[in-house]
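Novice: Below: one structure in structure tokens.
The values are calculated or read from the model by the stated rules, or taken from the named source; none is laboratory data. Just so it is clear, the structure is predicted and the values come from calculations on it, not from any experiment. Cβ coordinates were reconstructed from backbone atoms using ideal geometry, including for glycine residues, and neighbour counts include every protein chain displayed.
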Amino acid sequence: MKDGAKGPGPDGNLPLEPPPLPGTPDMPVHPGIDEFVDKDIAAREAPEKAKGEYIMEAEGLQMYFPVTKGLFKRKAGDVKAVDGVSFRIRQGRTLGVVGESGSGKSTLGNCVMRNLRPTGGKVVFDGQDVTRLEGKALAAYHKRVTMVTQDPFASLDPRMTVADSVLEGVRINRLADKAGEQALAERMLLMVGLNPKYGSRYPHEFSGGQRQRVSIARALAMGPSFIICDEVVSALDVSVQAQVVGLLQQLQQQLGLSYIFIGHDLSVVRYLSHEVAVMYLGKFMEVAGSDELYGHPLHPYTQALVSAAPIPKPSVDRARPRVSLEGEPPSPIHPPQGCRFCTRCRYAEKRCREEEPALKDAGGGHLVACHKVTGG
Amino acid sequence: MAVQEGEVILDVQNLQTWFLSGKHQETRLRAVDGLSYQVHKGEFVAVVGESGSGKSVSALSVMGLVPYPPGLIVGGKVLFHGKDLLQATDEEMQAIRGEKIAMVFQEPSTALNPVVTVGKQIAEALRIHNPGMSKKEAMAKAAGLLGEVGIPNPEVRARQYPFELSGGMQQRAMIAMAVSCGPELLVADEPTTALDVTVQAQVLDLLDRLRKKLGMAVVLITHNLGVVARYADSVKVVYGGKAVETGPTDAVFEEPCHPYTLGLLRAVPRLDLPRGYGLHPIVGEPPDMSKVPEESCAFAARCRYATDGCREGRPPMEEVGEGHYCACFHKGETLEERRALP
Amino acid sequence: MGKYVTKRLLLLIPTLFLVCLMVFVLMRMVPGSAVEMVVYNFKQNGQVITEAEARARLGLDKPAVEQFFVWIWGMLHGDLGDCLFRGDTVWHVISSELPVSLELAIMSFIISTAASIPLGLFCAAHPDTAADVAIRTLSVIFASVPVFWIGTMVLVYPAVWWGYSVPLTFVPITKGFVANMKMFLVPSLVAALTTCGNNIRFVRTCTLEVMRQDYVRTAWAKGAKERRVMFSHAFRNALIPVVTMFGGSVAGMIGGNVVIENMFNIPGIGQQVVTALSNRDYPLAQGCTVVFAIFVMLVNLIVDITYKWCDPRVTLE
């Protein structure tokens, strides 16, 4: 690091404000976007809340999938995909969720989205408990909370034009008339940096990055205030990945959106998130402000994750301490006794194998679930 | 790391692999379009590029595994110890594959035969190149190799089928299979893309350890620049089917002269720098190599420095430092931009 | 494995009961009845019989539910009842004629499989060559030409050209193996030809599909020779869908070779079923259907076990 003062130094006192926009002046990412913002979208949106209020809260969220066995489908146990997760997200902010495959991060996204009905805990969106919503009320929720998923090849219907894909939800909910639909589709495409004339084309005519933009346009069309992004850039090339992340960030600033950003690439999650939660076998292991978490990872698992992510600068990368993580995560059907991470943790001792550590504040809102860090 | 010394074992010269399609094969997708690079004995080489850059096809071309039709190697040389593999007979290639040059693929879950046990698949590789070896001996050796690549209970695992292993273990088994005959060169095509960060580090550490132990050279094909920085001795940045910048890792990362290399470096967020840094996208999309004119720089359409000269002629590969080559008309501007960055 | 087979065999019992019930009900719902047939037959012979008498003779005067349980009870004791129109027990008819059909089915299946797998593999190994195109063209022709036409040609032309007439006198296998084989050869070839066409194309498609898979590329990358790649890797995987399809075709063969049995004068069970149905010979038709059902279920069990053997990922639950 050439300029130590700029980095997340020992005191970790970087302001948690959104970083400056990507894209140099000669590279306008979304030409013409400004004239289209704030008109209809803002009108359809929920009344603007004062920044700083919690828009999404989850408490003790649980999602168990039963495992059945034998002829009579006897219940043999549960896959505890999400096992007691709590978080709060402020309006206009992003919660990043990182974890390995099988950590339950995608299930968490689907629970909040209410594609799944959580088996325990609750989700409160904008003051309303949405954990048990059904039918019309759920549809109304899905207007305000939408989702973008990983695979841009699988998530778009190959037989629908992209405009039809974008408008699908709007049509189901009859949010616009025929003339309005056309204009809306064009506006949405322009908003995500695509040529509005592309609306009549089919997904196969687009590259992966462009398809992901279409998916984002579809998620935006209903005028949501909250978007769940599940591994949205994992399948994309680095150069294109940066475009999409930049787009998400720009949309957040212009529309005041809040995100849950789920990913396995630590550096991308950090870039977009104000707060980051590290998930392991269905539980949050550590939650902290983005810079605090990466600057001072406290949990041994987070330390290993940060250390495993390489840095594309040989001199810096070689100088970093390496904490290597042996083995692979155990099965979520039989998570280890005590701390879930104890089988792979190099600091694990007797207590860790017996007693599960709670997520506790280690100072300044930095939450960690580790006996070694928070002590008694 | 200094410039590589030692014998050149693989010398790819002006390789051209095209994919022909259309009624009269008139659509020519120049997947590999005049790629040249060298690999020294025991060297860790990274070939970096985006999807569609031709990096995987070039590896398959070296192995003689480009599917025809539609793929066709139309020109160039692949010299392995001075012998042109493109001219070798099927029998000669079969003797080289697996024995001298081995390959590890991207998706371990599909690259292993689902109906044959892991041990048998490794034993098969051993027995192909050691006809005298008994089945029992080969199985015992296969189990030993599985242990060597860090799979616990190797005897048990050897008798299991690929679907009974996790992704990381499958990739370890693939590596065990690839190194079973002690190859001189291991080509690894995106071996960790399908794996988690922590497992990725484990697998690459393993590759690096085996390279040092067996003295083999490794060609790592990847799009992940971080991985390159950590492991590679030298880097070949590939765009539009040809190398645009090659050189020792440190030189290419610290003093990149090609706008594409710099673009890649700026597109990834850096964990070591403040949060706002990085993530400058490269505008546009990777090129469609059936449409880019042959006599132009393939990157011109996305390049901020591109001038008419770039669109009318291909920039030649020129030495910019010791062992560091770059094909660009605007090296100076690029380097200047780099130097202004942290 | 043993546990699985036992479970499947036990499951046969309720399934068979349902089959019996359906066969019984459906048979009785078919318009026309055996009673009318009996009255008609007597009339032909100049005798007069009232419907009530005919009904009593056939045991159809009892309520349907009772008939059903009488039939089931009899079956549990190995008694399938008597044929209504032939002076014979149903069991005797089935036990003497089922093996004949089975022999035809098995022989044609063996011939068809023995021809279609190597030919399909050959086509897959050399796609779009002259040989491949020729084999595929012939396959389409054989698959689309009706079996009675091929049968007629086979019966007529060898006789015209070479003076060879297909033996049409049935010889049971117990009365002379060679003569039996001679007489079965041509009909099973004809039966095989029609299935072979589709099977070759299916094997070819499956193998080509598998040849595109990553693990086949891995096999090449190991330095394996073509023969090894084709057999140890491509074919072993292509076998999985092939087994499913071939197994299904065996099940259909046993009752489906009626036309061939008819043309080549083979006293198989297919012919019997058709007659029994048209005569409303309830016990015989029911008996044959139940035996077919058992056969189909056993074949499916064998297919599933073979499937497990081909594909270790399959769990037999």
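Novice: Here is a check on your reading of the model: is residue B:151 buried (at least 17 other Cβ atoms within 10 Å of the Cβ), within 22 Å of residue B:210 (Cβ to Cβ) and more than 14 Å from chain C (Cβ to nearest Cβ)?
Specialist: On the way: buried (at least 17 other Cβ atoms within 10 Å of the Cβ): yes; within 22 Å of residue B:210 (Cβ to Cβ): yes; more than 14 Å from chain C (Cβ to nearest Cβ): yes.
In short, yes.
Novice: Shifting gears a bit: Just checking, how many residues over region B:95-112 are outside any loop (DSSP other than H, G, I, E, B) and in contact (Cβ under 8 Å) with a residue 60 or more places away in the chain?
Specialist: Within region B:95-112, the first condition is being outside any loop (DSSP other than H, G, I, E, B), and the residues that meet it are B:95-97, B:101-104, B:108-111.
Keeping just the survivors that are in contact (Cβ under 8 Å) with a residue 60 or more places away in the chain gives B:101-104, B:108-109, B:111.
Result for region B:95-112: 7.
Novice: Considering only region B:92-116, how many residues are under 13 Å from residue B:165 (Cα atoms) and more than 8 Å from every other protein chain (Cβ to nearest Cβ)?
Specialist: So the answer is 2.
Novice: Could you pull out every one of the helices (runs of 4 or more DSSP H) wholly within region A:293-376 that has 2 or more residues that are under 30 Å from residue A:89 (Cβ atoms)? Break it down into steps so the answer makes sense when it comes.
Specialist: Numbers: elements: A:300-308, A:314-319, A:350-354, A:371-374.
Correct list: A:300-308, A:371-374.
Novice: Okay, next question. Could you pull out the residue among B:42, B:6 that is without any contact (Cβ under 8 Å) to a residue 60 or more places away in the chain, under 23 Å from residue B:181 (Cβ atoms), away from chain C (no Cβ under 14 Å) and outside any strand (DSSP E or B)?
Specialist: B:6
Novice: Being more than 11 Å from every other protein chain (Cβ to nearest Cβ) and modelled with pLDDT under 90 is the requirement here; does residue B:76 meet it? Show your work before the answer.
Specialist: Values: more than 11 Å from every other protein chain (Cβ to nearest Cβ): yes; modelled with pLDDT under 90: yes.
It is true that residue B:76 is more than 11 Å from every other protein chain (Cβ to nearest Cβ) and modelled with pLDDT under 90.
Novice: Those residues that are among the small types (Gly, Ala, Ser) and more than 23 Å from residue A:207 (Cβ to Cβ), I need them from region B:34-56; list them, please.
Specialist: Pass one, region B:34-56, residues among the small types (Gly, Ala, Ser): B:34, B:36, B:42, B:46, B:49, B:51-54, B:56.
Hits for region B:34-56 are B:34, B:36, B:42, B:46.
Novice: Another question about this same structure. Just checking, how many residues over region B:266-276 are buried (at least 22 other Cβ atoms within 10 Å of the Cβ), touching a residue at least 40 places away in the same chain (Cβ under 8 Å) and of a type outside the set (D, E, K, R)? Before the answer, list the steps.
Specialist: To start, the set of residues in region B:266-276 that are buried (at least 22 other Cβ atoms within 10 Å of the Cβ) comprises B:266-271, B:275.
Keeping just the survivors that are touching a residue at least 40 places away in the same chain (Cβ under 8 Å) gives B:266, B:268.
The next check asks that each one be of a type outside the set (D, E, K, R); those that pass are B:268.
The qualifying residues number 1.
Novice: Does residue B:279 satisfy the condition of being within 14 Å of chain A (Cβ to nearest Cβ) and in contact (Cβ under 8 Å) with a residue 24 or more places away in the chain?
Specialist: Working: within 14 Å of chain A (Cβ to nearest Cβ): yes; in contact (Cβ under 8 Å) with a residue 24 or more places away in the chain: no.
In short, no.
Conditions (1) without any contact (Cβ under 8 Å) to a residue 60 or more places away in the chain; (2) under 23 Å from residue C:232 (Cβ atoms); (3) surrounded by fewer than 23 Cβ atoms within 10 Å (Cβ to Cβ), marked per residue:
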{"residue": "B:77", "(1), (2), (3)": "no, no, yes"}
{"residue": "B:80", "(1), (2), (3)": "no, no, yes"}
{"residue": "B:93", "(1), (2), (3)": "yes, yes, yes"}
{"residue": "B:131", "(1), (2), (3)": "yes, yes, yes"}
{"residue": "B:135", "(1), (2), (3)": "yes, yes, yes"}
{"residue": "B:141", "(1), (2), (3)": "yes, yes, yes"}
{"residue": "B:167", "(1), (2), (3)": "yes, no, yes"}
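Novice: Identify, from the list A:306, A:287, the residue that is touching a residue at least 24 places away in the same chain (Cβ under 8 Å) and either within 9 Å of chain B (Cβ to nearest Cβ) or closer than 24 Å to residue B:167 by Cβ (or both).
Specialist: Numbers: A:287 fails: either within 9 Å of chain B (Cβ to nearest Cβ) or closer than 24 Å to residue B:167 by Cβ (or both).
Among A:306, A:287, only A:306 is touching a residue at least 24 places away in the same chain (Cβ under 8 Å) and either within 9 Å of chain B (Cβ to nearest Cβ) or closer than 24 Å to residue B:167 by Cβ (or both).
Novice: Tell me whether region B:241-260 contains one or more residues that are under 20 Å from residue B:286 (Cβ atoms), away from chain A (no Cβ under 12 Å) and more than 18 Å from the chain's Cα centre (by Cα).
Specialist: yes
Novice: Could you check, for region A:336-346, whether at least one of its residues is of a type in the set (S, T, N, Q) and away from chain B (no Cβ under 13 Å)? Let's see the steps before the verdict.
Specialist: The initial filter retains those residues of region A:336-346 that are of a type in the set (S, T, N, Q), namely A:337, A:343.
Retained after the next criterion (residues that are away from chain B (no Cβ under 13 Å)): A:337.
So far as region A:336-346 goes, yes, one or more of its residues are of a type in the set (S, T, N, Q) and away from chain B (no Cβ under 13 Å).
Novice: I would also like to ask the following. Considering (1) assigned to a helix (DSSP H, G or I); (2) more than 10 Å from every other protein chain (Cβ to nearest Cβ), say which one residue B:133 fails and leave the rest.
Specialist: (1) is the only condition that residue B:133 fails.
Novice: Restricting to region C:200-220, and then to whatever is within 19 Å of residue B:70 (Cβ to Cβ) and in contact with a Ser or Thr (Cβ under 7 Å, 6 or more places away or on another chain), can you tell me which residue is farthest from the other protein chains (Cβ to nearest Cβ)?
Specialist: Out of the qualifying residues, it is C:213.
Novice: Is it the case that some residue within region B:327-340 is modelled with pLDDT under 85, in a loop (DSSP other than H, G, I, E, B) and within 14 Å of chain A (Cβ to nearest Cβ)?
Specialist: Within region B:327-340, one or more residues are modelled with pLDDT under 85, in a loop (DSSP other than H, G, I, E, B) and within 14 Å of chain A (Cβ to nearest Cβ).
Novice: Just checking, which of B:51, B:36 is surrounded by fewer than 19 Cβ atoms within 10 Å (Cβ to Cβ), on the phi < 0 side of the Ramachandran plot and out of contact with any strand residue (DSSP E or B) (no Cβ under 7 Å at 6 or more places or on another chain)? It would help to see each step written out before you state the result.
Specialist: Numbers: B:36 fails: out of contact with any strand residue (DSSP E or B) (no Cβ under 7 Å at 6 or more places or on another chain).
The conditions single out B:51.
Novice: Which one is farthest from the chain's Cα centre (by Cα) among residues in region A:111-132 that are closer than 14 Å to residue A:64 by Cα and surrounded by 22 or more Cβ atoms within 10 Å (Cβ to Cβ)?
Specialist: The qualifying residue farthest from the chain's Cα centre (by Cα) is A:118.
Novice: Additional query: Please work out which one of (1) more than 23 Å from the chain's Cα centre (by Cα); (2) on the phi > 0 side of the Ramachandran plot; (3) small (Gly, Ala, Ser) is the condition residue A:193 fails and give its number.
Specialist: In the conditions (1) more than 23 Å from the chain's Cα centre (by Cα); (2) on the phi > 0 side of the Ramachandran plot; (3) small (Gly, Ala, Ser), residue A:193 misses (1) alone.
Novice: Specify which of the listed residues (B:204, B:145, B:165) is of a type in the set (A, V, I, L, M, F, W, C), outside the structural domain of residue B:52 (by TED's automatic domain parsing) and in contact with a Ser or Thr (Cβ under 7 Å, 6 or more places away or on another chain).
Specialist: Details: B:204 fails: outside the structural domain of residue B:52 (by TED's automatic domain parsing); B:165 fails: in contact with a Ser or Thr (Cβ under 7 Å, 6 or more places away or on another chain).
Exactly one of B:204, B:145, B:165 is of a type in the set (A, V, I, L, M, F, W, C), outside the structural domain of residue B:52 (by TED's automatic domain parsing) and in contact with a Ser or Thr (Cβ under 7 Å, 6 or more places away or on another chain), namely B:145.
Novice: Kindly indicate the residue of region A:255-274 that is within 14 Å of another protein chain (Cβ to nearest Cβ) and in a helix (DSSP H, G or I) and also nearest to residue A:97 (Cα to Cα) among those meeting that condition.
Specialist: Step by step, filter region A:255-274, then rank; the result is A:269.
Novice: Also, quick follow-up: Being over 24 Å from residue B:190 (Cβ atoms) and at the interface with another protein chain (Cβ under 9 Å from one of its Cβ atoms) narrows it down to one residue among A:249, A:241; which is it? Can you show your working first?
Specialist: Values: A:241 fails: over 24 Å from residue B:190 (Cβ atoms).
Checking each option against the conditions leaves just A:249.
Novice: Please verify whether residue C:236 is more than 14 Å from every other protein chain (Cβ to nearest Cβ), touching a residue at least 60 places away in the same chain (Cβ under 8 Å) and either surrounded by 20 or more Cβ atoms within 10 Å (Cβ to Cβ) or not polar (S, T, N, Q) (or both), treating the condition exactly as stated. Quick ask: steps written out before the conclusion?
Specialist: On the way: more than 14 Å from every other protein chain (Cβ to nearest Cβ): no; touching a residue at least 60 places away in the same chain (Cβ under 8 Å): yes; either surrounded by 20 or more Cβ atoms within 10 Å (Cβ to Cβ) or not polar (S, T, N, Q) (or both): yes.
No: the conditions fail for residue C:236.
Novice: Still on this structure: Identify all residues within region C:104-160 that are of a type in the set (Gly, Ala, Ser) and surrounded by 16 or more Cβ atoms within 10 Å (Cβ to Cβ); write none if there are none.
Specialist: First, pick out the residues of region C:104-160 that are of a type in the set (Gly, Ala, Ser): C:105, C:108, C:112, C:114-116, C:120, C:124-125, C:130-131, C:134, C:139, C:143-144, C:151, C:159.
Scanning region C:104-160 gives C:105, C:108, C:112, C:115, C:116, C:120, C:124, C:125, C:139, C:143, C:151.
For every residue, the table says whether it meets (1) within 23 Å of residue C:100 (Cβ to Cβ); (2) in contact with a Cys (Cβ under 8 Å, 6 or more places away or on another chain).
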{"position": "C:236", "(1), (2)": "no, yes"}
{"position": "C:251", "(1), (2)": "yes, no"}
{"position": "C:265", "(1), (2)": "yes, no"}
{"position": "C:272", "(1), (2)": "yes, yes"}
{"position": "C:287", "(1), (2)": "yes, no"}
{"position": "C:305", "(1), (2)": "no, no"}
{"position": "C:311", "(1), (2)": "no, no"}
